[in-house]
1. I'd like the orientation of helix 3-20 relative to the chain: the angle between its Cα long axis and the longest Cα principal axis, in ° from 0 to 90, rounded to 10.
2. Tabulate in residue order the Karplus-calculated ³J(HN,Hα) for the range 22-38, using 6.51 cos²θ - 1.76 cosθ + 1.60 with θ = phi - 60°, rounded to whole Hz; enter x for Gly and Pro.
3. Can you tell me how much longer the chain between Ala85 and Arg21 gets when fully stretched, taken as 0.36 nm per residue apart minus their C-alpha distance, in nm with one decimal?
4. Calculated FRET efficiency, Glu35 and Asn93, Cβ-Cβ r, R0 30 Å, to nearest 0.05?
5. Exposed loop sites here are trypsin sites (Lys or Arg not before Pro) in DSSP loop states with at most 15 other C-beta atoms within 10 Å. What is the longest stretch of the chain lacking them?
6. Which net charge results when you count Lys and Arg as +1 and Asp and Glu as -1 among the other residues whose beta-carbon is under 12 Å from that of Thr34?
7. Could you tally up the Lys pairs in the chain with alpha carbons closer than 20 Å? Skip any pair fewer than 8 positions apart unless they're on separate chains.
8. Which option, [x] 2, 11, 20, 25, 17, 12, 7, 4, 1, 0; [y] 3, 12, 24, 25, 17, 11, 6, 2, 0; [z] 3, 13, 24, 28, 21, 9, 2, 0, is the value of P(r) over Cα pairs in 5 Å bins from 0, in percent that was calculated from these coordinates?
Amino acid sequence: MTEAKENVFPTRVRELMRAHRYSQKKLCELCGITEAAFSRYMTSDRLPKTEILANIANILHTTSDYLIGNDSQYGYDQLKILLAATKDDLSKNQRSDLIKILTDW
């Protein structure tokens with residue numbers, strides 16, 4: 001893995017935490033990791049172990065590949081998986097927004 005890809009992890013995690021309104025403490029609780037460990041992932045070039053990375057991605061409704069920079073664009077399959085996984089968490093307004101996006105040819 002290249003250095004540039006490792007450095008993308010903290011940026012993408014922070015963006016998704018903001019989008020989901022998760023504090024560091026809340027994300028750590030949901031992922032079952034300590035804040036100290038999470039802080040190391042965010043400030044160093046070290047990535048979490050595979051199972052922790054997958055757990056963070058799942059909590060943030062994304063993929064491990066996206067978090068580490070292997071997937072900068074979502075394709076149809078990724079979008080379908082994300083929507084299916086998060087459909088019950090979407091508000092009525094969010095669902096309406098998605099419908100508008102999909103029907104705007």
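1. 50
2. 9, 7, 4, 4, 5, 4, 4, 4, 5, 8, x, 10, 7, 5, 5, 5, 4
3. Values: separation 64, 0.36 × 64 = 23.04 nm, distance 1.79 nm.
Contour length minus Cα-Cα distance gives 21.3 nm.
4. Details: r = 32 Å, r/R0 = 1.07.
Once rounded, the FRET efficiency stands at 0.40.
5. Details: sites that count: Arg21, Arg46, Lys49.
By the stated rule (loop sites, at most 15 other Cβ atoms within 10 Å), 50-105.
6. Details: positive: Lys25, Arg40; negative: Glu29, Glu35.
In short, 0.
7. Values: Lys5/Lys49; Lys25/Lys49; Lys26/Lys49; Lys80/Lys92; Lys80/Lys100; Lys87/Lys100; Lys92/Lys100.
Qualifying lysine pairs in the chain: 7.
8. [x]
Every number in this text was worked out from the coordinates using simple rules, so none of it is lab data. No experiment lies behind these values; they were computed from the predicted model shown. Here the Cβ is made from the backbone with ideal geometry for all residues, glycine too, and neighbour counts use every protein chain on show.
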